[in-house]
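The values are calculated or read from the model by the stated rules, or taken from the named source; none is laboratory data. What you are looking at is a predicted structure, and each value in this text was computed from that prediction instead of being measured. In this analysis, Cβ positions are derived from the backbone assuming ideal geometry, glycine residues included, and neighbour counts consider all displayed protein chains.
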Amino acid sequence: MAWLTIAVIITMFVILFKTSLPPDVVFLSAITILFITGAVDEKSALGGFSSASVVTVAAMFIVVGGLYQTGVLKWVVNHVLGRPKSYAMAIIRLLFPAALLSSVVTDSVVTALFYQSCENLG
């Protein structure tokens, strides 16, 4: 089983580097292969999905997706972040909302929120 695991991991990295497949598809495929072959058990394969952090980040992507579809996210980003003229100004404008949110929620949620915001607007 160790050789199979090593082969799956190497194949996974090759696929990540050589193709444009989304990382979530590659990682879920790898864990599925390892689970089906018996290299990992149910608890190990699905254990990460029961983490409160994972559920929170997934919920934030759903909420941000809803905000994007309704146009609220675009309005907020345009009014809070605006269209900075320089890279330094963009960082400064992003610093304060991120710092404010980080004081209330976990950093991974803030990262997911701003990543999704930038991806949808860019």
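Within the stretch 77-110, work out how many residues are in a helix (DSSP H, G or I), touching a Ser or Thr at 6+ places or on another chain (Cβ under 7 Å) and surrounded by 15 or more Cβ atoms within 10 Å (Cβ to Cβ). Final tally of qualifying residues: 3. Apart from one condition, Gly38 fits all of (1) surrounded by 10 or more Cβ atoms within 10 Å (Cβ to Cβ); (2) not assigned by TED's automatic domain parsing to the domain that holds Val110; the exception is (1). Every test in (1) assigned by TED's automatic domain parsing to the domain that holds Asp107; (2) surrounded by 12 or more Cβ atoms within 10 Å (Cβ to Cβ) is passed by Phe27 save one, and that test is (1). Looking only at the stretch 81-100, which residues are among the hydrophobic types (A, V, I, L, M, F, W, C) and either in contact with a Cys (Cβ under 6 Å, 6 or more places away or on another chain) or under 17 Å from Thr111 (Cβ atoms) (or both)? Within the stretch 81-100, Leu81, Ala90, Ile91, Leu94, Leu95, Phe96, Ala98, Ala99, Leu100 qualify. Assess whether Ala58 counts as being out of contact with any Asp or Glu (no Cβ under 9 Å at 6 or more places or on another chain), modelled with pLDDT under 90 and within 24 Å of Thr111 (Cβ to Cβ). The answer is yes for Ala58. Among (1) more than 22 Å from the chain's Cα centre (by Cα); (2) within 23 Å of Thr111 (Cα to Cα); (3) surrounded by 14 or more Cβ atoms within 10 Å (Cβ to Cβ), where does Thr5 come up short? Every condition holds for Thr5 apart from (2). Yes or no: Leu21 at pLDDT 80 or above, surrounded by 13 or more Cβ atoms within 10 Å (Cβ to Cβ) and outside the structural domain of Ala98 (by TED's automatic domain parsing)? Criteria not met by Leu21.
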